[in-house]
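Here the structure is laid out as structure tokens; the discussion comes afterwards.
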Amino acid sequence: MFRLSAIFISLILTVSACAEVSTGTYDGNARSGDISSFGSGGIRLRHLDAINAMRVERGIQPLQLSAELNAAADTHARDMKAQQRAWNFGSDRTSPQERATRAGFNGIVRGENVAETFKSEFLVLQTWLDDPASRASILDPLATHMGYGWYQQSNGKLWWVEILGQALPEPEVMAELQ
């Protein structure tokens, strides 16, 4: 199974070289290489597809994209830029769980991966997969949802955040189960 993942990731990295994010040049309106020109929906879906392929290969349920976790990830990416450090605490000392709850996620944060780099989304994913703790959160069988966000500075530097969460049943569903 690991061999198939390695082949899959190699294929993704090869294909991603065509869409590599560069620092680009500023033309007064938008910089070439600006990640926003690639479309946030496409970036999030490519990331989700890559992760779900690995999870399904291992018999783990695929993740669903969460608008609430995306919002928490985007907000934290901007905050990391303001702090000039990639870490899991907000400038107001909030935890990943507090930020996810504030964004409206009804569940438990199972993990948060962060990065500060000039690399593309696929190279960041490979970096997280190479780290045992980050890999464990990506492949956590209890995770059901994912949020993915980033912020790009004018010099091209990217701040990446991936949040993995376990959604809880809505209160009305819980009442029906009892």
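The values are calculated or read from the model by the stated rules, or taken from the named source; none is laboratory data. All of these numbers come straight from a predicted model, not from anything done at the bench. Calculation scope for accessible area: heavy atoms of the full protein, side chains included, ligands and nucleic acids excluded. Shrake-Rupley method; radii C 1.70, N 1.55, O 1.52, S 1.80 Å.
Assorted remarks:
- Whole-percent carbon and sulfur share, accessible surface of region 45-147, 1.4 Å: 54
- Against the rule of thumb 2.2 N^0.38 Å, how large the Cα Rg of region 87-151 comes out: 1.15
- Take LEU123: with every protein chain present and a 1.4 Å probe, its accessible area is about 50 Å².
- For region 50-64, Karplus couplings with θ = phi - 60° (6.51, -1.76, 1.60), whole Hz, Gly/Pro x: 5, 5, 5, 4, 5, 5, 5, 4, 9, x, 9, 4, x, 8, 10
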